[in-house]
Amino acid sequence: MIEPCDTDVLIVVDVQYDFLPGGALAVPDGDAVIAPINRLARAFRHVVLTQDWHPEGHASFASSHPSRQAFETADLHYGSQVLWPDHCVQGTEGAEISRDLDIPHAQLVIRKGYNTGIDSYSGFKEADRKTSTGLDGYLKERGFRRVFCAGLAMDFCVAWTALDSAAAGFETYLFEDASRAIDTNGSLAKAKKDLEAAGVRLISSEQIRRR
């Protein structure tokens, strides 16, 4: 059992309407993460949220690439990019964080993916692997040592956030039962392999001692 302390932070990744059932890029069984995340949030004093926040015509949208289809890949200036259906467009309902999340004590919302030409899965760095969101500095300035991740989608935004957390020197955990995957073209298996190699620990929310 793990008992959260003042140097622990829970990062809740992209629990937004476009990733939930009926959304533009719905993650299978995505709404199943809400109940365990709400339970976890009550155990953590410190919680950070991330939010996909794309402008219209974003480079990661398949609609921005004539003759290309969603879930194909394209070579952009920073490397290979999965092309997605338009989703989480700034100011739309689909971009809103789910109102079913019960985390009134969340202390920060990190918006990402707002640069038109660069996608951003991770809460720490954009997909060019150079542009920082500032989250690393925020967590270190506040003295956090352990990072716990959950949300949508496990094989993209949650995994990349966890990987960047580990790379930044934080002891990092990912709640499998409080995350769900898109799993396109073997992405979930690859994510799990990468997480294991980086030393990220895959755990269950049941391993957290609740207050």
* To do: Search segment 1-40 for residues being within 12 Å of GLY151 (Cα to Cα) and of a type in the set (Asp, Glu), and hand back the single one that is least open to solvent (accessible area, probe 1.4 Å).
  => ASP14
* Look through segment 101-131, keep the residues that are closer than 25 Å to LYS192 by Cα and over 15 Å from the mean Cα position of the chain (by Cα), and return whichever of them is surrounded by the fewest Cβ atoms within 10 Å (Cβ to Cβ). => LYS130
* Structure fact -> Here the qualifying pairs (Cβ atoms under 7 Å; residues six or more apart or on different chains; first in segment 175-189 and more than 10 Å from VAL27 (Cα to Cα); second outside any helix (DSSP H, G or I) and open to solvent by 60 Å² or more (accessible area, probe 1.4 Å)) come out as GLU176/LEU202; THR184/PHE71
* Is at least one residue of segment 150-162 in a strand (DSSP E or B), farther than 18 Å from LEU108 by Cβ and aromatic (Phe, Trp, Tyr)? -> no
* Asked: Taking interchain pairs and intrachain pairs at least six residues apart, which have beta carbon atoms under 6 angstrom, with the first residue in segment 52-76 and farther than 21 Å from GLY186 by Cα and among the hydroxyl-bearing types (Ser, Thr, Tyr) and the second surrounded by 16 or more Cβ atoms within 10 Å (Cβ to Cβ) and modelled with pLDDT of 95 or more?
  -> SER63/ASP86
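If you take the residues in segment 175-192 that are within 19 Å of THR73 (Cβ to Cβ) and charged (D, E, K, R), which one is surrounded by the fewest Cβ atoms within 10 Å (Cβ to Cβ)? It would help to see each step written out before you state the result.
Taking segment 175-192 first, the residues within 19 Å of THR73 (Cβ to Cβ) are 181-191.
Among the residues that remain, those that are also charged (D, E, K, R) are: 183, 190.
Working: ASP183: 17, LYS190: 13.
In this case the residue turns out to be LYS190.
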* Asked: For segment 166-185, how many residues are of a type outside the set (A, V, I, L, M), assigned to a loop (DSSP other than H, G, I, E, B) and over 22 Å from VAL33 (Cα atoms)?
  -> 3
* To do: Kindly indicate whether ALA43 is modelled with pLDDT of 95 or more and open to solvent by 10 Å² or more (accessible area, probe 1.4 Å).
  => no
* To do: Would you mind finding the one in ASP18, ASP86, ASP52, ASP14 that is under 17 Å from THR116 (Cβ atoms) and under 16 Å from the mean Cα position of the chain (by Cα)?
  => ASP52
* Asked: Can you name every residue in segment 136-149 that is at negative phi and in a loop (DSSP other than H, G, I, E, B)?
  -> ARG142, PHE144, ARG145
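The values are calculated or read from the model by the stated rules, or taken from the named source; none is laboratory data. Just so it is clear, the structure is predicted and the values come from calculations on it, not from any experiment. Every residue, glycine as well, gets a Cβ built from its backbone with ideal geometry; the counts of neighbours run over all protein chains shown. Surface accessibility is based on the protein's heavy atoms, side chains included, excluding ligands, DNA and RNA. Shrake-Rupley method; radii C 1.70, N 1.55, O 1.52, S 1.80 Å.
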